[in-house]
Every structure is written in C-alpha cells, then in structure tokens.
1. Can Asp332 be described as at pLDDT 95 or above, out of contact with any Ser or Thr (no Cβ under 9 Å at 6 or more places or on another chain) and of a type in the set (D, E, K, R)?
2. Could you say whether any residue in region 632-646 is farther than 19 Å from Lys240 by Cβ, not in a helix (DSSP H, G or I) and not polar (S, T, N, Q)?
3. Could you tell me whether Ser414 is assigned to a strand (DSSP E or B), modelled with pLDDT of 95 or more and in contact with a Gly (Cβ under 8 Å, 6 or more places away or on another chain)?
4. Across region 103-115, what is the number of residues that are in contact with a Phe, Trp or Tyr (Cβ under 8 Å, 6 or more places away or on another chain) and under 30 Å from Ser201 (Cα atoms)?
5. Looking at region 348-379, which of the residues that are touching a Ser or Thr at 6+ places or on another chain (Cβ under 8 Å) and charged (D, E, K, R) is surrounded by the fewest Cβ atoms within 10 Å (Cβ to Cβ)?
6. Return the only residue of Cys531, Cys578 being touching a Phe, Trp or Tyr at 6+ places or on another chain (Cβ under 8 Å) and either in contact (Cβ under 8 Å) with a residue 60 or more places away in the chain or among the charged types (D, E, K, R) (or both).
7. Filter region 209-251 down to the residues that are β-branched (Val, Ile, Thr) and either crowded, with 21+ Cβ neighbours inside 10 Å or in contact with a strand residue (DSSP E or B) (Cβ under 7 Å, 6 or more places away or on another chain) (or both) and list them by number.
8. For the condition within 28 Å of Thr284 (Cβ to Cβ) and either in a loop (DSSP other than H, G, I, E, B) or basic (Lys, Arg) (or both), what is the one hit in Ala420, Ala359?
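The values are calculated or read from the model by the stated rules, or taken from the named source; none is laboratory data. Note that the structure is a prediction, hence the values are computed from the model and not measured. Note that each Cβ is placed from the backbone with ideal geometry, even for glycine, and that neighbours are counted across all protein chains shown.
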Amino acid sequence: MRRVLFILLISIVILNIFVLFNVTYPLTSDQHFTGKTFFNTILGTISLFVSGAGPETVTIDSPLNQSYNFSIGSNYSLDLNVSANFAVDDWWFSVYDYTHGEYGQLNKSFSPNVSFEAVRWSNRLDVFSNTTDGRIITGSVIFFVNVPNSAPVISNLNSEIFVCEEGSLYNVYNVFDADEDDIINTISPSDPFFIFPSSSSGSAGLLSPVLISGKLSKGDVGFYEETISANDGVYSDSVKTNITVIEKNNDPVMNDILTRTIWTIGEDSSLYFQVGVSDIEDGTSSSGNFTFNISLSNGSASPFNIIDLGIINISTGSLDTGVYNTIICAEDMGLSDPHQNISLCGQDGGPLSDCDTFALTVTDNNRPPEITAYSPVGLDFSANATEIINFEVTESDPDGTIPDTYWYVDDSLSELDVGASVDSFSHTFSCGTSGYHTINAVASDGLLNDSVSWNVSVNFVACPPAGSSGGGGGGGGGGGSSKVCEERWGCEDWNTCQETEGAFKAGRLSSLEYLEIISSCNDRGFAIESCGYQIRECSQLNEDCSSYLQIPSQKQECYYTENPSCSDNIKNCHDGLCEVLVDCGGPCNPCATCTDNVQNQGEQGADCGGPCLLRCEPEKPFFEKTETKYFLMLFIILLIIIILVILRKIFRIEEKIKKGK
C-alpha cells in the first residue's frame, strides 16, 4: 500500500512538471503527430500534362490583385502559390516596388507554394518559368500592402549641447518615418535656435534636419531648454535638449595709432592723445578696465609713459631727436566667472590684450616724406566698371619715419595703411558706374605730406539681372575666391492667426494677398469668417551667403478663432508659441509620443503597439506565465507535503490499531 501511494505521488509530480514547462518530444521532418501515435508519411505531387491542350500559361493563385493588411513592424510575408499547365524546369520571380521605382527582389529562384517578402505599398510580382525546351513563360500580378500610419521617431540628438559665443550651432540629427510622410520639424521656443529645413519630404524615410543658429553674440549667452518635435500631421515625437551658449572673453581691439612728428621747440613740441581701445566686455579706454604698457620695438624701455585711461602726454624737453618706434599694449580684465566648459572655446576666460606699433619722430628740422615709386605708372587711364584695379606706392622719409598712407576714392577715405614703406590698395567701381573718378594716395609723417593722384575713366558695365551672381564694388584688400553659399534659413514661430477680412479692410493686406489667402482658405474648406492668415520672419543664417539678410515676411492661411487656446480643437499659435498638433505641444501640454512612458494614442502598452514602431510583448495565457508555473509547482509541493503528513498519521494510527489487537 505504501509503495503504491509513493509511486502515485512521484508520477503526479513528474506529470505536472511536464505539463507546466511544456516538455515536448521533438519530431523529425518526416514524422507527424496525430494525437495517438507517430507515423512516417511521404509527401509528393503528381502532375499530368496533355500535349496540345492549349497555350502554356503560368497561374498565380497567391498573391491576388488586392490589398493585404499588415500591422506596424511586421514582415510583409505572403504565400507564393503558382502552377503551370506544362512541365517546368526552373522557377524564379522578381518583386517591383512601384513607390520607389526599384526592384525589392530580382530574379530569385524558388519552388512553388512557398512564401516571399513583399514591399510596402504597390507591388508587381513577376513570375518566370523555364520550359524543358528552354522557352520562358511568365505571369504577373499587381497587389498592395497596406500598413497603418506610425509615429515619426527622432534620434541622434544630444540631451546636452554646448556652443561658444561668436560661434554658430550646426547639429545634425535624424528623423525616421516608416510611412515616408512629409514631416514638420519644430523647435520651441525658437530664436536664436532654429530647425532647417522646417519641413522635409519623407520620401527617403530617414531625414537629417539640422539644429542651427546664426553667429551667436554676447546677448545670446545663457542656458536654453528646448523641445525638438517632428510630426506627420497625425502623430509626433519630441525630444528635450539643453543648449548652453558659453561666454567667451573677446579680444580688445586697439585703434590704429598714427605716425606722429613733434619738434624739439616751438608750437608742435608736445604730444597729448588717448589710445583708443574697445572691448565687448570691458568697454572703452575711458572705462578704466584696461591695463596699458608701453615699450620700444628694440626692447628698451620707453623714455615716455602711458598713464591711466590710455593717455600719452609727451614733452620734447627730455627727448633726443630721432625716431622712436613704439609698442603700446592694452590688456582687458578677463571674465569674472568663466563657464566650467569654457575650454571648449579654446580659452580659459583670462585677460587678453591687443598691441599696436607707431613711430614718433622728434626733430629740429622736419622734412616731408616722399613717394618714390607708384603703380600704375600712368596717372591717366581707363578701366571697366567691374574691373579690379590695383595700386601701389613706395614711400620714404629723410627723418627716418615710416609714413602712413591714406587712400582716397573721389576724396572719400577708403583705406589707411600704417607701419610699412610699401603700401597697396585695390578697388573696383560697381556695375552701372561710368565717367571720370580719382584715386589719391597721401603719405604722411603726421605733419607733412606727399601725394600721388590717378585719373580713371570708368567704362559703363550693365548690372546683371536681380537674383543672379556678379557685379561687385568697394575697395581694399584685393580679390580672392568666393565661398560657396549653402543657404540655411532660420524661421521664427508663426504669429497668432489674424482675421483676413478685417486685415484687408484695415489695409494690412493688398488685394492680391487677400485673394491668395481667401483661395487657400477655400481649398481647405474654411468658411469666410474663419479664414485667417499668419506671418513669420525668416533670416539667412549663413554669413557666406550674399543674402545674409531677412527675406520678406512669409504668410500662410490659418483657421481663425477670436481667442485661440489649448482646448479649441484647432492647431494654432498663441501665447508666443505654436502647437505641434491640435491642442498639444508648444504653449500646451506635450503631445503624446512613443517615448513618454505613458500608454496613450491607441497604444497597446506604454510606448508600444498602436502607432509605435515598438511592438508589445504578446500576452501569455495564464497557465503559460512563468509566475503561474512556479506558483502551481509550489502549490503541488505543499500539497504533497500535506498528503505525506496525512499518510504518516494514517500509518501511525494503523500501527497502533495493530498493536492494540
């Protein structure tokens, strides 16, 4: 009796373990389980062909000329069932992708009644068969693969971005949209940062918009919390990023100090002037924020000093005659509290300086400088209006001074050269200019001058049509290759929607603008009282482009409501920001996304299923869940223990009964 019960218990445990953990017997490829036994089977096909029965044809039984529905993220696998009314040596097929104009699969061998991978949207399946005598018989079918719309996904965008003052931001990230929809890219808030382009054609699937800015100034320094969004008009994704514009210490800029000449005696025997310095952080010379020092270019100490505020006050009583080539430097104060990542900007925020060299001549017999050579040699000549004209002068001074050279175009100062005995100047008269013009070069020691003048007859050159490259103008510096313009437009948010009818009556819209907006409203089904328009400003952010200016304000139609809000069931702009989708994003609560850790927008679980590319884990039946199995196993073990305890008591009772007898 005991042995029987023990064997029964062990059998129950083993059986339950097999049931709980799905222990199965593996079948070989030629075995089939019927529920009773295993048996071997032979599968095959017998084909009968009757010669001369009709034209040889290939029949495609699957897929058919219809739409096939698939869920998001699934493989587009379909049965490929074909047959022929003749003996076939080889089969192969191709799948043509009508949407992208290319083959998804090309000349792939197969055996009938298998599966194949289609492509999304419109497909053409071409099936080829080879007869025994080498002829090719074909069949084709067109079908459609339909998949629900899914949400776009933003990737490769850092959560923390640093950019330096005086620099510009150019950060490429990605937006993937499996549906290849047109995508609207936004940043909130905008300015000084923008997204370019603001809208993208999704035909490529993977897009690469750019988070950009123009050149960032001192006023842009600071911390920005930005939300980057991408939407297809139905679903959206958004990513938050923090952008820090790091303050730099900008170099002080010292104005050119001109050559000076003073006499040992008389009216011009003293010199008093202030060195001009400007600095973005520390102001001008008069601010008292600069440290000045002075020395001679040969390394010896200067016989005169520079005092606070950059003032030089010289009297010749203590100076010998001669030329004093002098170096003056101004050092700023540096940043008081540099950013911890300022090393990214190539500095530590400490003091910076600028220096300039000038010549001071002390004389008791000042003689004028002399222009000893010049080019062009001919002082009267002609040139085309768009031609680059190069000028050069060589000057000397009998007192040893290096003269400054002033270049004038039609008596207007165009360039100043200091510190060299050979100076050059380039100039181009602009298109549309003609007639006689003068170029003057004046060499000066600060008191006395010499000069040379050219008379130029300018030949008229017509300006190119607006919008084309060409033309020119201005002087100085000479030529060089122009940089390629890669346009990068940064557009602010659209303004609040304004009523079209009222704006037209008030004269804020021209007749043409009014008619264009009304027409666009009609196209979108807006009633006349709901027809509005909105404006936004865009700027060219690439300094290499000649259009480094604002383009005219952009206008578009919009649905007008008197008091736009986050609960009016309209996608609109208000409170200085624009909604991403209807009543969400921008000034409203964030839009639902596939990355917000919330089950919403028809998702089957938090951020999975529904419009999300991530598929949810399938729900297991209750008895297949791991926790259920372990609970049942524990229950069985406890039940066995209880049974054993009961049996033990029964055995003891039986033993007592036997002893009592």
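1. On the way: at pLDDT 95 or above: yes; out of contact with any Ser or Thr (no Cβ under 9 Å at 6 or more places or on another chain): no; of a type in the set (D, E, K, R): yes.
No; evaluated as a whole, the condition is false for this residue.
2. no
3. no
4. Restricting attention to region 103-115, the residues satisfying the condition of being in contact with a Phe, Trp or Tyr (Cβ under 8 Å, 6 or more places away or on another chain) are 103-105, 107-112.
Now narrow it down to the ones that are under 30 Å from Ser201 (Cα atoms): 103-105.
Counting residues in region 103-115 that are in contact with a Phe, Trp or Tyr (Cβ under 8 Å, 6 or more places away or on another chain) and under 30 Å from Ser201 (Cα atoms) gives 3.
5. Asp364
6. On the way: Cys531 fails: either in contact (Cβ under 8 Å) with a residue 60 or more places away in the chain or among the charged types (D, E, K, R) (or both).
When all the criteria are applied, what remains is Cys578.
7. Val210, Ile212, Val221, Thr227, Ile228, Val239, Thr241, Ile243, Thr244, Val245, Ile246
8. Details: Ala359 fails: either in a loop (DSSP other than H, G, I, E, B) or basic (Lys, Arg) (or both).
One residue alone meets the criteria, Ala420.
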